[in-house]
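The values are calculated or read from the model by the stated rules, or taken from the named source; none is laboratory data. This is a predicted model, so every value here is computed, not measured. Counting neighbours? That spans all protein chains shown, and the Cβs are built from the backbone with ideal geometry, glycine included.
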Amino acid sequence: MFKIKQILPGVMLAAVILLFAQPARSQQVTKGVKNIVLVHGAFADGSSWSKIIPVLRSKGYNVIAVQNPLSSLAEDVAATKRAIALLDGPVLLVGHSYGGMVVTEAGNDPKVAGLLYVCALIPNDGQSAVDVTSAFPPGPGSAEFKLGESGFLSMSNKGIHNHFAQDLSKENREILFVTQGPWAVKATTDKISKAAWKNKPAWCIIGIDDGMVPVALARAEAAMLKAKSIELKSSHVPMISRPGEVTSFIISAATELQ
């Protein structure tokens, strides 16, 4: 009979994270940045990137998908910076949706070489998510936010199906609804300090059919950053509905970085 020695939970967790951060051995990255940190947005978790991660790893990239608590901007930034610290060398930081707020602040970390935004909210210095979205008429999905007694927002079933992920199968939309991560109202008004994109290269993916971040806002953000951008005919979650194109764009950005 095998005997398994007791391992401290923290040690075990660190070992698991480091194991999954290691690249697949079939290929090795020879040009650009090899470390990629993926930051999910509101009403989501790290599994948002499940179609992206295997391909990046198969090509030799070290990848960590952050699990944001969505309890405040400061706590989400702290979670992202812990992930950055686990990787050896420069990092491409990728943020989806509200994750754009997080990476814009966490991107000031000296290890971050570049920022890539996916259907994201992108603040300027001293802005909150509310500040960013107030510049344009809101997307239809914002009418489907439901406020709970604990001060956290959730997304209605209608919001997920019609505005958040309308180009996914019904089964996948149902999974997103059931597994969504509630978003603290506080996080919507927390302000960043300094926008990292002001001194680091940036890329943007815009969803033409995004019901959460209106295309006019997304285009204005890309212009503000002077970012290289692509537009995809997708909902708010192109990393799930158009994973091949999103992955290729991430790899292209990582390759350009030094």
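Scanning the range 223-247 for residues that are over 24 Å from N35 (Cβ atoms), among the aliphatic types (A, V, I, L, M) and part of a helix (DSSP H, G or I) gives A223, M224.
Looking across the range 9-58, the residues that are among the β-branched types (V, I, T) and modelled with pLDDT under 95 come down to V11, V16, I17, V29, T30. Evaluation of D109 against the conditions (1) closer than 20 Å to P238 by Cα; (2) assigned to a loop (DSSP other than H, G, I, E, B) shows that the sole unmet condition is (1). Of all residues in the range 51-84, those satisfying the criterion of being in contact (Cβ under 8 Å) with a residue 24 or more places away in the chain, more than 21 Å from S154 (Cβ to Cβ) and of a type in the set (G, A, S) are S58, G60, A65, A74, A83.
The set of residues from the range 118-131 being closer than 17 Å to L70 by Cβ and part of a helix (DSSP H, G or I) comprises A129, V130. Does the range 189-208 contain any residue that is surrounded by 15 or more Cβ atoms within 10 Å (Cβ to Cβ), hydroxyl-bearing (S, T, Y) and not in a loop (DSSP other than H, G, I, E, B)? For the range 189-208, residues surrounded by 15 or more Cβ atoms within 10 Å (Cβ to Cβ), hydroxyl-bearing (S, T, Y) and not in a loop (DSSP other than H, G, I, E, B): absent.
With respect to G107, is the statement that it is closer than 19 Å to H163 by Cα, touching a residue at least 12 places away in the same chain (Cβ under 8 Å) and crowded, with 21+ Cβ neighbours inside 10 Å true?
Details: closer than 19 Å to H163 by Cα: no; touching a residue at least 12 places away in the same chain (Cβ under 8 Å): yes; crowded, with 21+ Cβ neighbours inside 10 Å: yes.
It is false that G107 is closer than 19 Å to H163 by Cα, touching a residue at least 12 places away in the same chain (Cβ under 8 Å) and crowded, with 21+ Cβ neighbours inside 10 Å.
Against the definition (within 18 Å of the chain's Cα centre (by Cα) and either over 24 Å from K51 (Cα atoms) or of a type in the set (K, R) (or both)), how does D131 come out, yes or no? No, not satisfied. Residues in the range 209-228 that are closer than 22 Å to N108 by Cβ and crowded, with 17+ Cβ neighbours inside 10 Å: E221, A222, L225, A227. Scanning the range 60-70 for residues that are surrounded by fewer than 18 Cβ atoms within 10 Å (Cβ to Cβ) and closer than 28 Å to I175 by Cα turns up Q67, P69.
Residue-wise test of (1) surrounded by 14 or more Cβ atoms within 10 Å (Cβ to Cβ); (2) closer than 25 Å to K51 by Cβ.
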site: P137; (1), (2): no, no
site: S142; (1), (2): yes, no
site: K146; (1), (2): no, no
site: G159; (1), (2): yes, yes
site: Q166; (1), (2): yes, yes
site: K170; (1), (2): no, yes
site: T179; (1), (2): no, yes
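Matching residues to (1) under 22 Å from V29 (Cα atoms); (2) surrounded by fewer than 23 Cβ atoms within 10 Å (Cβ to Cβ); (3) touching a helix residue (DSSP H, G or I) at 6+ places or on another chain (Cβ under 7 Å):
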| residue | (1), (2), (3) |
| --- | --- |
| W49 | yes, no, yes |
| V55 | yes, yes, yes |
| S72 | no, yes, yes |
| E75 | no, yes, no |
| D88 | yes, yes, no |
| V94 | yes, no, yes |
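Taking first residues from the range 26-37 that are more than 23 Å from T80 (Cα to Cα) and partners that are of a type in the set (S, T, N, Q), the Cβ contacts under 8 Å between residues at least 6 apart in sequence or on separate chains come to S26/S58; Q27/S58; K31/T255.
State the number of residues belonging to the range 114-133 that are surrounded by fewer than 18 Cβ atoms within 10 Å (Cβ to Cβ) and either within 17 Å of A74 (Cβ to Cβ) or at pLDDT below 95 (or both). Quick ask: steps written out before the conclusion?
Residues of the range 114-133 surrounded by fewer than 18 Cβ atoms within 10 Å (Cβ to Cβ): 124-126, 130-131.
Next cut, either within 17 Å of A74 (Cβ to Cβ) or at pLDDT below 95 (or both) only: 125-126, 130-131.
The qualifying residues number 4.
Condition first: assigned to a strand (DSSP E or B) and free of Cβ contacts under 8 Å to residues at least 60 places away in the same chain. Now tell me which residues in the range 159-188 satisfy that. Steps first, answer last, please.
Within the range 159-188, the first condition is being assigned to a strand (DSSP E or B), and the residues that meet it are 183-184.
Residues satisfying the conditions do not exist here.
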